[in-house]
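Peer 1: My questions all concern the structure below.
The values are calculated or read from the model by the stated rules, or taken from the named source; none is laboratory data. What you are looking at is a predicted structure, and each value in this text was computed from that prediction instead of being measured. Virtual Cβ from ideal backbone geometry, glycine too; neighbours counted across all protein chains shown.
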Amino acid sequence: MWSLEALGRVRLGKYFYMREFLYSEIGNIHGIPNIPDRPEIAIERGRAFCTALLDPMEETFGRVAVRSGYRSAALNGFGNRHKLNCARNDYPQECHIWDQPERPVAGASIVIPWFADKYDAGRDWRDLAWWIHDHLPYSELCFFPKLCAFNITWRPVPWRMISSYIAPRGTLLAKGAEPEERGRQRRARYGDFPRFRGLSLPGD
């Protein structure tokens, strides 16, 4: 039987622990505990997610801030019913419920402060989207106007989809499609980005 304290201390990657994914403003305000129904499944998928996607971004760009991580099915369902920016539980692209046995997925809404500063100065969100596309095995990306936050999703078989609520809004890359921008064009967009995994941190 997991205690909440023990669950929060579980390490999911080089830089991430379960505790930071369990925080929920919706849960805190409405008094709904955000605790996995199946902790072992949530941990397994959270580790795959952090190792494949979040750790490399932290090593490259510095801190990755988690805005919304894991949500229990009960919490996410409440958020959807009350129009609190939560997709319905059975929505195919819902990525916050990590522990549904039949849906192997894990994701979070995150901000990269290094890029958020550039975005505030007018940088195109697609520069970051194409960097992620060319470097990481993501499944879905969806970008939002505030802070250039974005949902990023892990699946064992990635869908490789990109969409955005920032202009130009809509689908940048459909599932199974090839990018319209060729590799050289994409690389030119992020030529000034840090070298992949290029951040030297204590203990490296």
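Peer 1: What single numbered condition from (1) buried (at least 21 other Cβ atoms within 10 Å of the Cβ); (2) under 30 Å from PHE196 (Cβ atoms) fails to hold for PRO104?
Peer 2: Looking at each condition in turn, PRO104 falls short on (1).
Peer 1: Please go through segment 1-32 and pick out each residue that is of a type in the set (Lys, Arg) and either surrounded by fewer than 15 Cβ atoms within 10 Å (Cβ to Cβ) or touching a His at 6+ places or on another chain (Cβ under 9 Å) (or both).
Peer 2: Narrowing segment 1-32 to residues of a type in the set (Lys, Arg): 9, 11, 14, 19.
Residues satisfying the conditions are ARG9, ARG11.
Peer 1: Another question about this same structure. Does any residue of segment 178-188 turn out to be under 15 Å from the mean Cα position of the chain (by Cα) and either crowded, with 19+ Cβ neighbours inside 10 Å or part of a loop (DSSP other than H, G, I, E, B) (or both)? Please lay out each step first, then the result.
Peer 2: Start the filter on segment 178-188 by keeping residues that are under 15 Å from the mean Cα position of the chain (by Cα), which leaves none.
Checked segment 178-188: no residue is under 15 Å from the mean Cα position of the chain (by Cα) and either crowded, with 19+ Cβ neighbours inside 10 Å or part of a loop (DSSP other than H, G, I, E, B) (or both).
Quick grid of which residues meet (1) of a type in the set (A, V, I, L, M, F, W, C); (2) surrounded by fewer than 12 Cβ atoms within 10 Å (Cβ to Cβ); (3) in contact with a Pro (Cβ under 8 Å, 6 or more places away or on another chain); (4) modelled with pLDDT of 95 or more:
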{"residue": "HIS135", "(1), (2), (3), (4)": "no, no, yes, yes"}
{"residue": "SER139", "(1), (2), (3), (4)": "no, no, yes, yes"}
{"residue": "ALA167", "(1), (2), (3), (4)": "yes, yes, no, yes"}
{"residue": "ALA174", "(1), (2), (3), (4)": "yes, no, no, yes"}
{"residue": "ARG197", "(1), (2), (3), (4)": "no, no, yes, no"}
{"residue": "LEU201", "(1), (2), (3), (4)": "yes, yes, no, no"}
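Peer 1: Restricting to segment 33-65, count the residues that are surrounded by fewer than 16 Cβ atoms within 10 Å (Cβ to Cβ), touching an Asp or Glu at 6+ places or on another chain (Cβ under 6 Å) and among the aliphatic types (A, V, I, L, M).
Peer 2: Result for segment 33-65: 0.
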